[in-house]
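What follows is a single structure, written as structure tokens, with notes after it.
Derivation of every value follows stated rules applied to the coordinates shown; laboratory data play no part. Model, not experiment: these values are computed from the prediction. Neighbour counts are summed over all protein chains in view; Cβ atoms, including those assigned to glycine, are modelled from backbone coordinates with ideal geometry.
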Amino acid sequence: MSIWQHADKITPIAPANRITLGEGDTPLVRSRRIGPQAGLTNLYFKLEGTNPTGSFKDRFAATAVSHLLQTGGTDCIATSSGNTGAALAAYAAAAGVKCRIAIAETTPMGKVSQMLAYGADLFRVRGFGLDPDVDTRTFQALKKIGRRPGRALLVSGYVFSPEGMSGVETLGFELAEQLKPIEHVFCPAGGGGMCVSLARGFARLVEEGRLSQGPSIHCVQPAGNDTIATLLREGKSRARNVECTTKISGLQVAKVVDGHLAIEACRPTGGTGHAVADEDVWQIQKCLAREEGIFAEPAGVVSLTGALQAASKGELPPDAPTVCIISGIGFKDGTAIDRINEEATCPTIELSALEEEAR
């Protein structure tokens, strides 16, 4: 199974051009401890880290690279802070097309190594992912390169790659099949594309009569990259550029990408925005691993941090069926791993001591 079981609801791709590595159909797991401890009796985790390259970006890459093949392309250029690049590199390798990626200056080496392993051609742009002006100029240059014959610029945002982003809408289709009803979905956001995808996915099902009503889609961002969340909460209609200060890799998107669209898509669902502190995200990351057995990267835990913050403020009904999108696996971010394990030990003991314990 893959996202192509929903081919009739995403961008049209001929079967011969559909690339898949088995993305999609990710597990939905009910919280055993964290939810009940917070008074949330119906809290669920959508584990996108089980996708082939370890994040939800595989849904984008499968569709974007397939669309590239459909249009006769042989070469893609992209930008990434990690997960998009890893996904595109893998799917480009599977499709036999070239992949060149401009990566954010702060991209963790684990993600860089993964992209290189798939054979992608990488380069860093100083200040990219941290400075909105650098981001704007980088995108302008990449757009021009992407217009050359046989090439395409693939960026995981509706404003750049709407065909690829349609693949992310399959998240909503899957959730609607896995849990009925769903009242709230908490979504981590950098550029805001996943929020748009979820809102559009559920809206499509309502339009087709498959659902009577979709869930509230909540946008959760690190407070140090609050381009959307607070504006959504305050009733504003437009997102904003910021000076990015968060250390949460993957959500360092200082420039508005799909931010305006995210506000436009989330508000009608009844969703709002939640800005969370980096320190809270790191603490919840450790709790998720040690209390639920789910090892996620910090960006993937931002959604749960937002849900718990909402619950503590009385903004989330205790029995409401609620889903947190855990967007990526934890093994890619070495710094985050070191932070979790900073007080852990693994001593070497003598065999005789083990034998004595066994007696």
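Worth pointing out:
- Scoring 123-135, 344-356, 160-172, 259-271 by mean Cβ neighbours within 10 Å over their residues and listing the highest first yields 160-172, 259-271, 123-135, 344-356.
- CD proxy at 222 nm, helix term only [per DSSP H run n ≥ 4: -39500 (n - 2.57); per residue of the chain; nearest 500]: -11500 deg cm²/dmol
- For the chain, the membrane-span-like helix rule (DSSP H, alpha carbon extent of at least 15 Å along the helix axis, mean Kyte-Doolittle at least 0.5) picks out 83-95, 193-207, 298-312; this says nothing about an actual membrane.
- Within the listed set Ile337, Ile217, Ile326, the Gaussian network model of the chain (springs between alpha-carbon atoms below 10 Å) gives the highest mean-square fluctuation for Ile337.
- Only beta bridges with both residues in the chain are counted; by DSSP, about 15 percent of them are antiparallel.
- Extension gain for Arg240-Leu28 works out to 73.0 nm (0.36 nm per residue, less the C-alpha to C-alpha distance).
- Relative contact order %, segment 57-160, counting alpha carbon pairs below 8 Å whose residues are six or more apart: 31
- Projected label points at Glu357 and Lys313, each 7 Å from Cα along the beta carbon direction, are separated by 4.6 nanometres.
- Environment charge of Gly164, counting only residues whose C-beta is closer than 10 Å and scoring Lys/Arg +1, Asp/Glu -1: +1
- Ranked packing of 114-121, 140-147, 57-64, most packed first, by mean Cβ within 10 Å: 57-64, 114-121, 140-147
- The chain - percent relative contact order, Cα under 8 Å, separation 6 or more: 20
- Listed candidates (i) 19.7; (ii) 26.9; (iii) 16.9 - label of the one calculated as mean projected area of the Cα convex hull in nm²: (i)
- Averaging the Cα positions of each part gives two centres, and for segment 177-215 and segment 45-60 these lie 17 Å apart.
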